[in-house]
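The values are calculated or read from the model by the stated rules, or taken from the named source; none is laboratory data. Owing to the predicted nature of the structure, the values given are computational and were not obtained by experimental measurement. All Cβ positions, glycine included, derive from the backbone under ideal geometry; neighbour counts span all protein chains shown.
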Amino acid sequence: MMTKKTLAALLASSLITPVMAADEKDELLNLKKEISSEREELLTLKNTTVNLIDVFVQQGLLDKEKASQLVKAAEAKAQATTKQELAKEATQVAEDSAKNPKRVRVTYVPDFVKEEIRQQVISDLKGEVVAEVKADAKEEAWGVPAALPDWINRIKITGDARLRAQEDFYADGNPNQNVLNNPYYDYLSINKDGGHLAARGKNEELQNTSADRLRFRERFRLGIDAQVTDELKAGVRLSTTNQFSPVSSNQTLGNTGQSYQVAIDRAYIQYDFLDKNKTDWFSVYAGRIANPWMSTDLMYSPDLSFEGVAGTFRLRFNQSDVNVKNYHAADSTARFGLYTAPQTPDSLFVTLGAFPLQESNFSTADKWLFGGQVGADWLIRNDDRLKIAAAYYDYENVNAKSNARNSFTNDWTAPQFMQKGNSLVPINVNDGFNSRCTDSQSATGQACLYGLASEFKIFNATAMYDFSGFGDTHVLFTADYAKNLGFDQNRIAKEFKQNITPKTNAYQVRLDVGDVEIHKLNDWSTFIAYRYLERDAVLDAYTDSIFHQGGTNAKGWILGANYGIAKNTWLNLRWFSTESIEDLNKQPLSIDTVSLDLNVRL
């Protein structure tokens, strides 16, 4: 690079012209050799800048007019900077000369020194010019041709893929599924096939309770979100599907090469009310939407979508705090099974929702879920966060109603989907008169169609405390409690002549340690949880589908870990050790499950 001695020599030549001494000549010759060795590199840097702008023009990222303006601006700035530097150095040399009048100065400036100064200025400006070009390119979106329509900029595409290896281990003490006195019936198949004998003929009457099973499964989802206006958004998400389960979008491999089915997993419109500062005070969602509640998989499966309309209203406070303004809402990659929405610290929030579950021929008898939740979200200290919420979920018309003799009016009260665990009562019974429940479908006195014994009006309280005192390693404690207030033992006994003891409590405690998000190599997190889920505490159709192989009447431990193996790629390992709370006919049911997921986020 050009030395200050060279610049001083140049500037001094414009002021005085004494004779050059021999030692000054030697110094200039040595300086010339040093500069010559660097000249090629300096010229290369100059050409790089010019060629970079030419490439931008050729690739359509920068038009010729903009390029010309940038070059002119760079030249003007170089000239101005040169003048300023020369004036500054001239003043310095003049001051030095006044202090030391005997100092020898050169009489001329060689051409190679002038060239060196010119290259020096170009080199100094190169980095600054390139930085300005990059800043302009980002701000003005040069990578988007002006010919493209505006809606392209308002479309966001998301997606994820998951490959799973899952093995289920059944304890030796479980009843054999081939024994006729096995009490663990597959009631969904019995309802579908039309009775116990009909389901037995298809080998579908009983649950698997003794045969270990290894399955390979996959899930693929692709979502498109469109920002119609600042306040209005619409979206759709496609997903693999197993056709029948609302709580699982896994596709099990091994179907004789048949093509997979794809379903619309989400389809919604969302409106956010924004004030002049772009702060959203409430949001309304309608269609097939994501889980709007702060909750855990004790209540709702991670794959469950809600059909209907919901709204979240927020009362914000302390919004001027720097930590609140800069808070980053984490995704769910490291905390699978936990739902922390809405993400609005510091605030109080209220979420209301109405969701049709099943449409029947009688408009007043449709099955519905009405829900309400109130909660608070605080940043306690720095990134420490406390969220608490209380919810009430009112399921309307989901309980069974028995049919009169040879009547089928109440067949609609049978659930379209259920897992296992909830108390069931008969809707149709083979009494010798029922034309839909005959000896070819079920034994005498046995039902052919079952429904839920209890009503479900569930109180749910959830608390999460996220401690960030270990840097990037967070510690999250979660507690979740649910109780079904709709269980009416007297009503069930009166209507169905069955005395069913209430079992209506559920809780889960969980501890997560590690990174909040899994985005890159070596990101990690672990968790441990204990779950206790009584028979009629929650609706078995919508709870987690892998714990105890789905449903209620189960307790046990869950261990899990996530580890990032590449950008947006991670492994998820989980182990479930579960057993039944109530042993049907004194026969226990214990299931251990190990699942290993390879996740990729597009």
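The condition of being touching a residue at least 12 places away in the same chain (Cβ under 8 Å) and touching a strand residue (DSSP E or B) at 6+ places or on another chain (Cβ under 6 Å) holds for only one of Val247, Val236, that being Val236.
Applying the set (1) part of a loop (DSSP other than H, G, I, E, B); (2) of a type outside the set (A, V, I, L, M, F, W, C); (3) within 30 Å of Ala561 (Cα to Cα) to Asp377 leaves exactly one unmet item: (1).
The combined condition, being among the hydrophobic types (A, V, I, L, M, F, W, C), under 17 Å from Ile427 (Cβ atoms) and surrounded by 15 or more Cβ atoms within 10 Å (Cβ to Cβ), is not fulfilled by Ile458.
Residue by residue through the stretch 451-481, note down the ones that are in contact with a strand residue (DSSP E or B) (Cβ under 9 Å, 6 or more places away or on another chain), of a type in the set (Gly, Ala, Ser) and over 26 Å from Tyr185 (Cα atoms). Correct list: Ala461, Ala463, Ser468, Gly469, Ala479.
Please enumerate the residues belonging to the stretch 484-501 that are more than 17 Å from Val398 (Cβ to Cβ) and either of a type in the set (S, T, N, Q) or touching a residue at least 24 places away in the same chain (Cβ under 8 Å) (or both). Write out each step before concluding.
So the first thing to find is which residues in the stretch 484-501 are more than 17 Å from Val398 (Cβ to Cβ), and the list is 489-490, 493-494, 497-499, 501.
Selection gives Gln489, Asn490, Gln498, Asn499, Thr501.
Going residue by residue through the stretch 191-209, is there one that turns out to be loosely packed, with under 13 Cβ neighbours inside 10 Å and either of a type outside the set (D, E, K, R) or modelled with pLDDT under 95 (or both)? Yes; the residues of the stretch 191-209 include at least one that is loosely packed, with under 13 Cβ neighbours inside 10 Å and either of a type outside the set (D, E, K, R) or modelled with pLDDT under 95 (or both). Considering the stretch 315-342, the residues that are closer than 22 Å to Val284 by Cβ and within 12 Å of the chain's Cα centre (by Cα) include one that is surrounded by the fewest Cβ atoms within 10 Å (Cβ to Cβ), namely Ala329.
Of all residues in the stretch 355-371, which are surrounded by 15 or more Cβ atoms within 10 Å (Cβ to Cβ) and farther than 13 Å from Thr413 by Cβ?
Filtering the stretch 355-371 down to residues surrounded by 15 or more Cβ atoms within 10 Å (Cβ to Cβ) leaves 355, 357-358, 365-371.
Listed by number, the residues that qualify are Phe355, Trp368, Leu369, Phe370, Gly371.
Within the stretch 587-602, restricting attention to residues that are touching a helix residue (DSSP H, G or I) at 6+ places or on another chain (Cβ under 9 Å) and among the hydrophobic types (A, V, I, L, M, F, W, C), the residue that is nearest to Ile558 (Cα to Cα) is Ile591.
Within the stretch 233-261, the set of residues being hydrophobic (A, V, I, L, M, F, W, C) and more than 21 Å from the chain's Cα centre (by Cα) comprises Phe244, Leu253.
Among all positions in the stretch 484-495, there is at least one residue which is closer than 30 Å to Ser332 by Cβ and buried (at least 21 other Cβ atoms within 10 Å of the Cβ). The condition (being under 30 Å from the mean Cα position of the chain (by Cα), among the β-branched types (Val, Ile, Thr) and surrounded by 15 or more Cβ atoms within 10 Å (Cβ to Cβ)) is satisfied by just one residue among Thr478, Thr504: Thr478.
In this entry, Ala390 is excluded by the filter for residues that are surrounded by fewer than 18 Cβ atoms within 10 Å (Cβ to Cβ), under 30 Å from Asp515 (Cα atoms), free of Cβ contacts under 8 Å to residues at least 40 places away in the same chain and of a type outside the set (Val, Ile, Thr). A residue that is modelled with pLDDT of 95 or more, within 30 Å of Pro246 (Cβ to Cβ) and of a type in the set (D, E, K, R) cannot be found anywhere in the stretch 431-443.
State all residues of the stretch 324-358 that are aromatic (Phe, Trp, Tyr) and either free of Cβ contacts under 8 Å to residues at least 24 places away in the same chain or within 18 Å of Thr296 (Cβ to Cβ) (or both); if no residue qualifies, say none. Break it down stepwise before answering.
Applying the first criterion (aromatic (Phe, Trp, Tyr)) to the stretch 324-358 yields 327, 336, 339, 349, 355.
Result: Phe336, Tyr339, Phe349.
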